[in-house]
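This report refers to the structure that appears directly beneath it.
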Amino acid sequence: MLVKTPLTKEKFATDHESSSRVPPMNDFRKVPLSYIRVYEAAGRLLSFADAARELSLSPSAVSHSVRKLEILLGQRLFQRSTREVRLTREGAMLIEHIQRGMEEIDRGLALLTSEARTPLRLHTAPSFATQWLLPRLADFVRDHPSIDLRFSASTEYARFDDDFDLDIVYGEPKPSPHERIPLAREGLAPLCTPALAEHIRKPEDLYHLPLIQCEVQMYQWKGWFEANQLPPPTHYGLRFDRSSMAIAAAVDGLGVVLESTLLSERELRRGELVRPLAGSTREVEYVGHYLVHPRRQHRHEAFETFKAWLLQALGNDHEKASPALS
């Protein structure tokens, strides 16, 4: 039975060379970058020989550099055999972080040395992107033609170290060290086509019409009826997992949707949807979206420009929409 013995600097040095020549490593910022570079190549290629060819070194120089790094860290990073080398668990964890760091270094160097513009990378909740952001993007592009943007939309949280500079999330963000800024308060109101609105004179009329519900929304029909001191209905016409689909269904006349007037602003402005109970029912207001980003001193040059534009545009929309909340 093989018993794994923890690797200490002293034991590792005893196995390979005298530890008297290796000072203790208490400040890991002093690890030579050349060791990191060699280790990344060897771990990525899983071959000291291939790493040597890539870096124009000898295989013995690669092996010596890796061994010195292991001694400094007090961790065995590779499992060696006569035929192959494999990363240990600790080695695999370390190389993942090193590769992220090298990608950030590449991005920073590109900003200084390349004429190509690095895009501002934005992640956003899907319905916010399609319903609010994209209809206004032409204004930002017109005013800031030198800023390139890269968008991605999903319900997952962004990974800032790898892919994104900013994240617009729906709902209360999960705990993290990142900066989080609540965006505009959103009003929820029953919305429908003008034709369907002719059948709605009082809240009780909603019981006789198909109701459209977005299942991932924080506040749904049940909460709206309770806020207006009415029993919730027992049947709904359609259910969706995206606000954008629920709004589109209402535009097509499939029923009455309870939706954010912020996300539905375009359809309301065009007259595709109306608010049949505006002024006669109790409003439901909440902060639906948050802007999240790392607390970094040095950010993408377009970061503050886009952030300021976003907050100003949301503030203006909120001021316009506030008097009309149902």
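The values are calculated or read from the model by the stated rules, or taken from the named source; none is laboratory data. None of these values were measured; they are calculated from a predicted model. Neighbour counts run over all protein chains shown; Cβ positions are idealised from the backbone, glycine included. Accessible surface is based on the protein model in full, side chains and every heavy atom, while ligands, DNA and RNA are left aside. Shrake-Rupley method; radii C 1.70, N 1.55, O 1.52, S 1.80 Å.
Quick one: dipole size for the stretch 185-284, taken about the Cα centre, charges +1 on Lys/Arg Cβ and -1 on Asp/Glu Cβ, in debye to the nearest 20.
In debye, rounded to 20, the stretch 185-284 gives about 140.
So between Arg136 and Asp241, what do we pick up on full extension, going 0.36 nm a residue minus the alpha carbon distance? It would help to have the intermediate numbers written out before the result.
Values: separation 105, 0.36 × 105 = 37.80 nm, distance 2.37 nm.
Additional length available on full extension: 35.4 nm.
If packing is taken as the average number of other Cβ atoms within 10 Å across a peptide's residues, how do 68-76, 52-60, 142-150 rank, most packed first? All intermediate terms of the calculation are to be shown ahead of the outcome.
Details: 68-76: 19.8, 52-60: 14.3, 142-150: 12.0.
Averaged packing, sorted descending, gives the order 68-76, 52-60, 142-150.
Counted by Cβ distance under 15 Å from Trp221, the other residues give a net charge of -3, where Lys and Arg count +1 and Asp and Glu count -1.
Count the DSSP beta bridges whose two residues both fall in the stretch 113-201, then state the antiparallel fraction as a percent rounded to the nearest 5.
0 percent
How much net charge surrounds Leu191 when only other residues with a Cβ under 14 Å from its Cβ are counted (Lys, Arg +1; Asp, Glu -1)?
It works out to a net charge of -3.
Ranking of Arg295, Arg83 by solvent-accessible surface, largest first: Arg83, Arg295 (1.4 Å probe, protein heavy atoms only, all chains present). Estimated from the Cβ-Cβ distance and a Förster radius of 35 angstrom, the FRET efficiency linking His97 and Thr305 is about 0.70.
What does the charge count around Arg242 come to, taking other residues whose C-beta lies under 12 Å from its C-beta (Lys +1, Arg +1, Asp -1, Glu -1)? Don't skip to the answer; put the middle values down first.
On the way: positive: Arg239; negative: Glu215, Asp241, Glu259.
Net of charged neighbours comes to -2.
At full extension, Arg53 and Ser176 could sit 40.1 nm farther apart than now, given 0.36 nm per residue minus the alpha carbon distance.
If you take the Cα centroid of the stretch 146-178 and the Cα centroid of the stretch 222-264, the two points sit 27 Å apart. Between the beta carbons of Arg83 and Ser34, assuming R0 = 22 Å, the FRET efficiency works out to 0.20 to the nearest 0.05.
Given the Cα-Cα distance of Tyr286 and Tyr207 and 0.36 nm per residue of separation, how much length would full extension add, in nm? If you can, show how the numbers build up before the last one.
Working: separation 79, 0.36 × 79 = 28.44 nm, distance 2.46 nm.
Taking 0.36 nm per residue and subtracting the Cα distance, the gain is 26.0 nm.
Applying 1/(1 + (r/R0)^6) with R0 = 45 Å to the Cβ-Cβ distance of Asp106 and Arg185 gives a FRET efficiency near 0.65.
Heavy-atom accessible surface of Lys174, to the nearest 10 Å², is about 110 Å², with a 1.4 Å probe and all protein chains retained.
For the pair the stretch 44-88 / the stretch 282-315, the C-alpha centres are spaced 45 Å from each other.
Only bridges whose two residues both fall in the stretch 185-284 count here: according to DSSP, what percent of them are antiparallel, nearest 5? Here the share of antiparallel DSSP bridges comes out near 55 percent.
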